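S.K.: To start, I am sharing the structure in question, which I have written as structure tokens.
Bear in mind that the values in this text are calculations on the coordinates, not laboratory data. From a predicted model like this one, the values you see are computed outputs, not experimental measurements. Methodologically, a virtual Cβ is constructed for each residue, glycine included, from the backbone with ideal geometry; neighbour enumeration extends over all protein chains shown.
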Amino acid sequence: MSAGGQAVSASGRAADGATAAKGAVFISIAKIYFMLSGFVQQVLLTRILGVAEYGAFAVVNNVISIVNNTVVQATIQAVSKFTAEDDARAEAVQRAGVRMQVVLGAALAGALFWGAPFVAGFVHAERYTTALRIAAVIPFLYAVYAVFVGSANGLRQFRTQATFDIGFSTSKTILLLGLAALWRVNGAFIGFAGAAAFIMVVASRVMRLPASAERFPQGRLTGYMGAVVVYGMLLNLALNYDLPILRHFAGQGAGAGVADAVGAQYAALRTLALLPYQALVVVTFVIFPLISRATFAEDREATRVYVTQTLRYAVILVAAMGIVLAARPAALLGLIYPAAYVAGAPAMPILVAGECCLALLAVACAILNAAGLTRATVSLVAVTVVCGTAAAALLVPRAAPGAPMLVAAASATALGMVVGFVASAVYLRARLGGTPPLATLGRVALAIAAGMAVGRFAPGHGRIAGLAAIALAGVAYVVVLLMTGELGPEDRAKLGRMLRR
């Protein structure tokens, strides 16, 4: 690249950096709202529904989530990638995306509707069939809605994207909880579908772009998305497969009531343990269009800088959330859920560690997908799922129902996620030159050790003492990062600029 080209590239990186900072603020606010509203939904459902009913909701929701999240992530990434490469073809890409997703969404909805009895049979709970069939319409609505989110993301309209998230989260909370109070599990899924229909209509109107005579090749979009769909399906299996597998093995060795209770307890753990992953989704949305543009322009230096900085901040953030969740699990669970759910406390730190690794794996895979390395992401997540499933098949059936089975399921899940993240870090360094700095990893590890020690050995018991210990653990983590120089004046200045924006 010429000197002039390098100057332009540096200027472009500065502009993209400012866009990324603003985008991070908007999407962070939306994702925090999304996490809080989702958390409220799950906590209130444990009070609206009985333990067995909540277990049923959790299993059905997990199955639907595998499909929903796969469709949403793959569609957003496919539409965003081709939109970000050339803003002038945004409307053509959107049209091609809508045509593709109407067909795909209808096929998925039909498959879920007719396949509901088979899914219910796998988890040894035929009574779940009706709820599965009600929920089958949701992937169709998500498939079309995600096209408009992808347009907003590719055009770097992060504020619009954030508004969609907030609107959907609000409507889902109101409708899901309101109809669950009326019609129990089936009502919850009717409300979920209603919220998805509402936001699809709103997004289609807001993101109506000026008509273009250009026609984007359908095959190009479909070809790219095909690989991303496989990756997305595997990623969402990694996110959700553990609960259906746990319910399958629990249903074989115990009565329906015991199996539902174990499933409900594990679902409560997952609601908390998944918070780091949900937080890092912000990072994937912001970095994806930037990496797409850098790799399309063959700017290797910009790509390396984006990768290294993204992974550094991702490691710091995910570890901070992990400390807060794992420091005093019994106190945290007892504060949030009814007493029956505290039995999962021994499994909580294990599952949190695993989900933190999955969050980092998702960031690494988003970077690779943006660079067009979709086969690599499929392989990495496949390794994660295969390792976790094999470990679950070995460990879970041998554990007694209750806390031992929860620990076994969490351990199997965490093993697969650790393997996947380590493999992704090695591959990223080899192909794109970026990796989490070794110094950062060492300092974060030291800060984690300090935070966990403070959380575990702080005196006192009960809810108040537990919350104090959690807060002290978080403070200890940040203090160690400041003392070791990992969080320096430049980082604090960046945070200040973002907050001022």
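S.K.: With bins 20 Å wide starting at 0, give me the P(r) of region 3-436 over every alpha carbon pair, in whole percents.
M.R.: 27, 59, 14, 0
S.K.: For region 156-225, run through the trypsin sites (Lys or Arg not before Pro) and keep only the ones in DSSP coil with at most 12 other Cβ atoms within 10 Å of their Cβ.
M.R.: Sites meeting the loop and neighbour criteria: R208, R215.
S.K.: Within a 10 angstrom radius of the beta carbon, how do I32, I464 rank from fewest other beta carbons to most?
M.R.: Ordered by Cβ neighbours within 10 Å, fewest first: I464, I32.
S.K.: So what's region 190-240 giving for Rg/Rh, alpha carbon basis, Kirkwood Rh from the mean inverse pair distance?
M.R.: 1.12
S.K.: Give me the Kirkwood hydrodynamic radius of region 174-268 in Å, from all C-alpha pairs, to one decimal place?
M.R.: 17.5
S.K.: Below 12 angstrom from the Cβ of G416, what's the summed charge of the other residues (Lys, Arg +1; Asp, Glu -1)?
M.R.: Once all neighbours under 12 Å are counted, the net charge is -2.
S.K.: Still on this structure, I have one more. With 10 Å bins from zero, work out the P(r) of region 56-186 over every alpha carbon pair and list the percent per bin.
M.R.: 13, 36, 31, 16, 4, 0
S.K.: Follow-up question, since we're still on this one. From the convex hull of the Cα coordinates of region 137-182, what is the mean projected area in square nanometres?
M.R.: Averaged projected hull area, Cα only: 3.4 nm².
S.K.: Using only the C-alpha atoms of region 354-435, find the volume of their convex hull and express it per residue in Å³.
M.R.: 69
S.K.: What 222 nm value per residue comes from the helices of the chain, counting each DSSP H run with n ≥ 4 as -39,500 (n - 2.57) and dividing by all residues, nearest 500 deg cm²/dmol?
M.R.: Here the helix-only value at 222 nm equals -30000 deg cm²/dmol.
S.K.: Taking every Cα atom in region 103-254, find the radius of gyration and the maximum pairwise distance Dmax, and write them in Å.
M.R.: For region 103-254, the Cα radius of gyration and maximum Cα-Cα distance read 17.9, 62 Å.
S.K.: Order these by the 10 Å Cβ neighbour count, fewest first: W114, W183.
M.R.: Listed from fewest to most nearby Cβ atoms, that is W114, W183.
S.K.: Right, here's the next one. Using a Förster distance of 35 Å, how high is the FRET efficiency between Q309 and R220, based on the Cβ-Cβ distance and rounded to 0.05?
M.R.: Efficiency for this residue pair is about 0.70.
S.K.: Further, regarding this structure: Express the Stokes-Einstein translational diffusion coefficient of region 290-396 in µm² s⁻¹, to the nearest whole number, given a Kirkwood radius over alpha-carbon pairs, 25 °C and a viscosity of 0.890 mPa s.
M.R.: 151
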